[in-house]
Structures are given as C-alpha cells and as structure tokens.
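Visitor: The structure follows.
The values are calculated or read from the model by the stated rules, or taken from the named source; none is laboratory data. Fair warning: this is a prediction, and the values are worked out from it, not measured in the lab. Cβ atoms come from the backbone with ideal geometry, glycine included; neighbour counts cover every protein chain shown.
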Amino acid sequence: MTTAPLAFLKGHGTENDFVIVPDPDNAIDLPAPRVARVCDRRAGVGGDGLLHVVRSAAHPEARDMAGEAEWFMDYRNADGSVAEMCGNGIRVFARYLQHAGHVTAGDIAIATRAGVKRVHLAKNGDVTVSMGRALLPEDGVTVTVGGRSWAARNVNMGNPHAVAFVEDLDHAGDLRSAPPFSPAAVYPDGVNIEFVADRGPRHVAMRVHERGAAETRSCGTGACAVAVAAARRDGADPAETGTPVTYTVDVLGGTLTITERPDGEVEMTGPAVIVAEGHIDPSWWDTALA
Ligand SMILES: N[C@@H](CCC[C@H](N)C(=O)O)C(=O)O
C-alpha cells in the first residue's frame, strides 16, 4: 500500500513525451500494467514512455556496468515493456538531473541498458548525446502498408530499427497499429519502424511507429538509425573518408541533428524540456494495475 504522494515530472524532446519518476533508491514498484496506466493519455498522466530515474548503485541492471555514471535510465515504453535505449528520453533524463540540481551544465555520463552514454548539456538549451556506433546487420525486412511494400534496412542503435525509404510520408498510413514486416524472425523482440522521405541534400524527414508505443512525434534512436541508413544509401561512410557526416532529420515534433564520426560514434543534438511537475494520488497508484 502506497501512502505518500509520488512525485513525477513531465518532459519532452521534439514532442516525444515522457513521465519522469524520480526514484533514487529504486524503491518504487513499476510492473508493466502500472506503467501502462501512468502513460495512458486519458486515464493516467500520459506519455510515450516512462523515465525511471534510479541511482546506478541501487539498480541490479546497472550497478556492475555503470562505471562513473551515477544515474541509470530505466526506460519503459508506454505499454509497460522494457526498452534498451531511448535517444529523446536520455536528453530529457539529463535535463531532469540538471533541473533537480543533481548535475550542472556540461558533460555527464548516464547508464542505460545499451551501455553508458556521454551527454552534453549546452548553455543554449540543446542536449547532445554520444549514442555509440550503429550496427548494420545485412538481414533486412520487407515492410508493407496499404498495398505498398518497401525493403527496410536493419539498423541497431542499442535498440532495433527497420528503416524504409518512401516517396511520400503519407504512404505510411495512420500508423495506429504496427506495420506488418517479414521475415518476423529478423526482429524476435519487435522493432521500431521508420518511414523516411528526402527533403534536400543530407536532409530527410521521418515518421515512426515505435515498438511498445505506436506512432510518436519523434524517436531519437530512430533519427540516428535513419541518418546512418541515409548516409550509406547516399554512398557516405565517415569511416572510409575520415570526414564526419551530418544529417538534418525532421520529425513531426521538430528537428534533430545527427552526426556520424569517422570512429563510428553517432552524436545526436536536440532540445529537451521539462514542462510540469506534480504528485500522483497514492490511492489511484495502488489501483493502477490493470
Ligand atoms: N522514443 C525513443 C525510443 C524508445 C524505445 C523504443 N520504443 C523501443 O522499444 O526500442 C527514442 O527517442 O529513441
């Protein structure tokens, strides 16, 4: 039984929005049905996902891998499922740490299920994350919507993505449900699917169906996957030329800037905003399990 009101905050990065639950000692019980209720836009607080903010030393998945990273991003999708990484989420997570006085502007390290990530909080409000290397397995899938099919590139940014280049973003349909893809065995744990259209030289726009959430207005790991897939399609590989490659990626909720460096590191820059803070009613919390 929960007796004290539970503090939460609400934040977003390019309108990919999150409920932030500070829980330094990892004392809050977050089964999937409760996360789904909290993220419900009508019956709960509402969000594309939940950022559970835990000290690395207090979380069994982080304490042996976090190194210098004092905080662990325990990321949950809106349906309650666990995800390895969230690119917009980690920027908002860093903004929360700054807002709460845990860190100041500058460079910090944050532990995630996809490893420790370096984050730079700039004075102008932008947040840059070193997302790690993109993995590009050869096995792609075919994605089908409304009678059209596309060969989609498999890109792993810590979490899985299928990137399909389309003529018109409307061809992705309403994205209320996950677009079918085959063969299903390529993504045994499900996949985030990006639809990408060209907007100009090294400038693309995307829509995304996120695993565990449906269509969202932005996906940071997705934007990184899209930038790397677009670079390879365009014949650009920083590892070969020794020159960084930057793409502008328009999402429904704004714009992200993605740079792939010659060592393979993918950097993402974009905004991160805290919009509200409050308390969850403890009696609602106790019943929010279905
Ligand atoms: N919105 C996120 C990705 C969140 C996780 C994703 N839905 C998954 O299950 O892999 C981002 O900004 O990267």
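Visitor: Report, by residue number, each residue of the range 114-129 that is small (Gly, Ala, Ser) and buried (at least 20 other Cβ atoms within 10 Å of the Cβ).
Guide: Passing the criteria: only ALA114.
Visitor: Within the range 130-153, take every residue that is in the same structural domain as ALA185 (by TED's automatic domain parsing) and among the basic types (Lys, Arg) and give me the one that is surrounded by the most Cβ atoms within 10 Å (Cβ to Cβ).
Guide: ARG153
Visitor: Residue check: is ARG91 closer than 26 Å to VAL191 by Cα, away from the ligand (no atom under 16 Å from the Cβ) and buried (at least 21 other Cβ atoms within 10 Å of the Cβ)?
Guide: When the stated conditions are applied, ARG91 does not pass them.
Visitor: Next up: Take the conditions free of Cβ contacts under 8 Å to residues at least 24 places away in the same chain and farther than 16 Å from ASN154 by Cβ and apply them to ASP237. Does it pass?
Guide: yes
Visitor: Being touching a strand residue (DSSP E or B) at 6+ places or on another chain (Cβ under 8 Å), over 21 Å from MET85 (Cβ atoms) and surrounded by fewer than 18 Cβ atoms within 10 Å (Cβ to Cβ) is the filter here; which residues of the range 1-23 pass it?
Guide: Scanning the range 1-23 gives PRO5, LEU6, ALA7.
Visitor: Considering only the range 133-152, state which residues are of a type in the set (A, V, I, L, M, F, W, C), touching a residue at least 24 places away in the same chain (Cβ under 8 Å) and under 17 Å from ALA185 (Cα atoms).
Guide: LEU136, VAL141, VAL143, ALA152
Visitor: Quick check on ILE258: is it touching a residue at least 60 places away in the same chain (Cβ under 8 Å), surrounded by 15 or more Cβ atoms within 10 Å (Cβ to Cβ) and of a type in the set (Val, Ile, Thr)?
Guide: no
Visitor: Just give me the residues in the range 171-218 being under 19 Å from SER149 (Cβ atoms) and among the small types (Gly, Ala, Ser), in sequence order.
Guide: ALA172, GLY173, SER177, ALA178, SER182, ALA184, ALA185, ALA197
Visitor: Being over 16 Å from LYS117 (Cβ atoms) and either modelled with pLDDT under 95 or surrounded by 15 or more Cβ atoms within 10 Å (Cβ to Cβ) (or both) is the filter; apply it to the range 64-81 and report the residue that is farthest from the ligand (Cβ to nearest atom).
Guide: Result: GLY80.
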